[in-house]
Amino acid sequence: MSKQQAFNPYLPGYEYVPDGEPYVVDGRVYIYGSHDKFNGSDFCINNYVCWSAPVDNLSNWECEGTIYGRTQDPCLPDAASRRMFAPDMARGCDGRFYLYYAFDFSGTIAVAVCDTPGGKYEYYGRVHYADGTLLGTRPDDVFQYDPGVLADNGRIYLATGFCPMGKFRERFSHLPKSISDGGMIIELEKDMLTIKKEPAVVIPNPDFASDTSFAQHAFFEAPSLRKINNRFYYIYSSENSHELCYAISDYPDHGYVYGGVLISNGDIGYHGRTAPLNYTGTNHGSIECINDRWYVFYHRQTNGNPYSRQGCADPIEVWENGYIPQTEMTSCGLNNGPLEAKGEYNATIACALMSKNGAVPYTPKQQAAPEHPFFTQSGTDREESPDSYITNMKDGAIAGYKYFDLNGACTLTLTTRGTGTGRMLILTDPEAEPMALVPIWPSPGWQASSVRTSLPSGVSALWFGYEGTGYIDFRCFSFS
């Protein structure tokens, strides 16, 4: 390709960092999140890592390494076997960087600190009341989970909350405390640990949302706090799980009203869509302004299970009245425009993926059935040599890419393998007639198939649908 471009997912194909919290510090954007394992058996198995990129080149991500490991926490003797759930970061009044985290289901909030945003963090302490009692251990406390933090003009606000509903709630009956009535805000002292004001619920859970603006989009988990134009934004994963929602207030600790959906990792709700365009699951992330443009960071599901999630980002619009309309998942994400119809692209930058019968949610009890395609890689979990691809595309499976700046006639080359005999349909809309057909035949190793075709000129989506017997793995495609 003639220039560096950014794609979704924005990190290398071997990296699984969901729950992304983005922050711009001194000309670089830093991402803090959980760290899933490829083909893992549970969420958040790996230690925290941080990635960063210059604000003027969002294709050039660099790993800052492991910034905090589970055995650094001195308060849990069995830390090595615990999961490190979604963290958040804030710069304190002393200029240092504070990493807030909930260690597995311990029910308390811990903090680590570092002099630099992407350096090696050290254990600092646990959030506590003025008398020293740990938050989450007082008799009237609720379960503490998913910390989000905002430093604003010398004041520090911590957001927490966990509100599983229905049968999902039954799975967490073992928790040391009851679930919260919704998303909470807690003001902290400047020491970043001591509670200044009692916890207050500001976003209701579904039990209390029916007569409010939050009805059907009530709080579930994943709070994150941001401030835009003197308004405060409380970002959270709703009771629907696949969507990131937001609420707005003129105050950091009360007065929030429902704003809307930022993004769904199945594009559900976008332009009224009711059926998912992708495999859905948990969602967690936030928003950040990078080079005068706002983006939402979120994650997608891979590997046919809920435990190997990858970070994605897409541009959003913040209107003058504070409203943020729902944006769609794209392949071009942080690219600040469509991708060039030149050179080679990995198939896993697809922003839509479905079987003949559509897409399904990924949950611990519901994972991809044999009929479904999914994003994957070869080998084991690692930190080098990405080789991701789409596997198990059977008759009727389709992968979508948004968006390319197409320029008419070209040769399209697809690299596949598998038992399949059939053809790949090339479309600009899944409901349209195909513009070209690429023959597919069985091969145990990767093989290239090409077709000369005339694509439309201008910005368009591109879809690849398999029609035939057997299955195929889809590694990449190229324009020439």
**Request:** Report the percentage of all Cα-Cα pairs in the stretch 183-241 whose separation exceeds 16 Å, rounded to a whole percent.
**Result:** 53 percent
**Asked** Which whole-number percent of Cα pairs in the stretch 345-386 have a distance greater than 17 Å?
**Response** 48 percent
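Please compute the net charge surrounding Leu437, taking Lys and Arg as +1 and Asp and Glu as -1 over other residues with Cβ under 15 Å from its Cβ.
-1
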**Prompt:** Cα extents of the stretch 260-368 along the three principal axes, largest first, in whole Å?
**Reply:** 42, 37, 25
**Message:** With both bridge residues required to lie in the chain, what share of the DSSP beta bridges run antiparallel, to the nearest 5%?
**Reply:** 95 percent
**Computed over the stretch 346-415, the ratio Rg/Rh where both radii use C-alpha atoms and Rh is Kirkwood** = 1.02
**Complete:** P(r) of the stretch 4-82 over all Cα-Cα pairs, 5 Å bins starting at 0, rounded to whole percent, reads 3, 14, 22, 24, 16, 10, 7, 3, 1, 0
**Item:** Centroid-to-centroid separation of the stretch 213-241 and the stretch 407-480 [C-alpha atoms, Å]
**Value:** 40 Å
**Fill in**
Packing-ranked peptide list from 301-312, 30-41, highest mean Cβ count within 10 angstrom first, is 301-312, 30-41
**Fill in**
Place a point 7 Å from the Cα of Asp26 in the direction of its beta carbon; the residues of the stretch 104-147 whose amide N falls under 19 Å from it are 113-122
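Per residue of the chain, what 222 nm ellipticity follows from adding -39500 (n - 2.57) for every DSSP H run with n ≥ 4, rounded to the nearest 500? Intermediate values should be presented prior to the final figure.
Working: 1 runs with 5 residues, N = 480.
That calculation yields 0 deg cm²/dmol at 222 nm.
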**Asked** Under the Kirkwood approximation for Rh and a Cα-based Rg, what ratio Rg/Rh is obtained for the stretch 211-324?
**Response** 0.96
**Message:** For the ranges 359-370, 47-58, what's the packing order if you count other beta-carbon atoms within 10 Å of each residue, average per peptide, and put the highest first?
**Reply:** 47-58, 359-370
**Request:** Please list 100-106, 432-438, 235-241 highest first by mean number of surrounding beta-carbon atoms within 10 Å per residue.
**Result:** 235-241, 100-106, 432-438
**Complete:** One can check that the equivalent ellipsoid of the stretch 341-479, built from the alpha-carbon gyration tensor with semi-axes equal to the square roots of five times its eigenvalues, has lengths in Å, largest first, of 23, 17, 16
**Request:** For the chain, state the average projected area of the convex hull of the C-alpha atoms over all orientations, rounded to one decimal in nm².
**Result:** 21.7 nm²
**Alpha-carbon centroids, the stretch 254-288 and the stretch 54-90: separation in whole Å** = 25 Å
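Throughout, read-outs are computed from the coordinates displayed, never taken from laboratory work. All values reported here derive from a predicted model rather than from experimental measurement. Don't worry about glycine lacking a Cβ; one is built from the backbone with ideal geometry, like all the others, and counts go over all protein chains shown.
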